[in-house]
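Reviewing the structure listed below.
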Amino acid sequence: MSTTQSERLRELLEPLVTSQGLDLEEIAVDSVGRKRVLRVVVDSDTGADLDRIADVSRALSAKLDETDAMGAGAYDLEVGTPGAERALTEHRHYARATDRLVKFQLHEGGELVARILAVDEAGLDLEVPGVKGRRPTARRLAFPDIAKARVQVEFSRKDSEKSPQDDESVQSDESPQNDKKEEEA
């Protein structure tokens, strides 16, 4: 039988979240000043848009109102998705992070930053970015070798963002001003 409030809340709320087609990733009860805040983090393989978050939030709120799981005191319910730099702790997290850049802390010591290319039951196929003009390299990483993993935020990714200048079939605006700039270059 569960002993902590978070475990009891998980048992109560997880079936509702699952019925909405989402995974319950995290539950936390925090004190913020005089208020308590129940934070519920949900996700799915296809993501969770605002409508799905609102639907699950209403369902959780109704369930909490009909039980005494949060006690008699006032609290705020916050339902959201994992942040941009989410920690990867479950197999499904790695699968959802395919094609994302991830920073790994290894059990052997050291760090590795690489892009997840594929995920299977045993581990990950990675692409380690090249340094100083070198080509990226492939690497296999087994799950038992990973101490921690966290998705990294990428503001621009050169190989996935193709600008119109990179595509020869796209013609530039042939105004005299543009021709002059090209001649000066």
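Below, the figures for the structure above:
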read-out: Spin-label model distance (nm) - GLU127 vs THR89, 7 Å beyond Cα toward Cβ; value: 3.0 nm
read-out: J(HN,Hα) series, segment 100-112, from Karplus relation 6.51 cos²θ - 1.76 cosθ + 1.60, nearest Hz, glycine and proline x; value: 9, 7, 10, 9, 9, 9, 9, 4, 6, x, x, 10, 9
read-out: Kirkwood hydrodynamic radius over Cα pairs of segment 5-158, then Stokes diffusion coefficient at 10 °C and 1.306 mPa s, in µm²/s; value: 90 µm²/s
read-out: Local electrostatic count, ASP45, Cβ distance below 10 Å [Lys/Arg +1, Asp/Glu -1]; value: 0
read-out: Cα convex hull of segment 1-91 - mean projected area over all directions, nm²; value: 6.8 nm²
read-out: Accessible carbon and sulfur surface of segment 1-115 relative to its total accessible area, %, 1.4 Å; value: 47 percent
read-out: Hull-based mean projected area of segment 17-70, where the convex hull spans the alpha carbons, in square nanometres; value: 4.2 nm²
read-out: Kirkwood hydrodynamic radius of segment 72-161, from inverse mean 1/r over distinct Cα pairs, in Å; value: 14.5 Å
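The values are calculated or read from the model by the stated rules, or taken from the named source; none is laboratory data. Worth saying up front: this structure is predicted, and the values here are computed from it rather than measured. FYI the Cβ positions are ideal-geometry reconstructions off the backbone, even for glycines, and counts take in every protein chain you see. The area values use the complete protein model at the heavy-atom level, side chains included, leaving out ligands, DNA and RNA. Shrake-Rupley method; radii C 1.70, N 1.55, O 1.52, S 1.80 Å.
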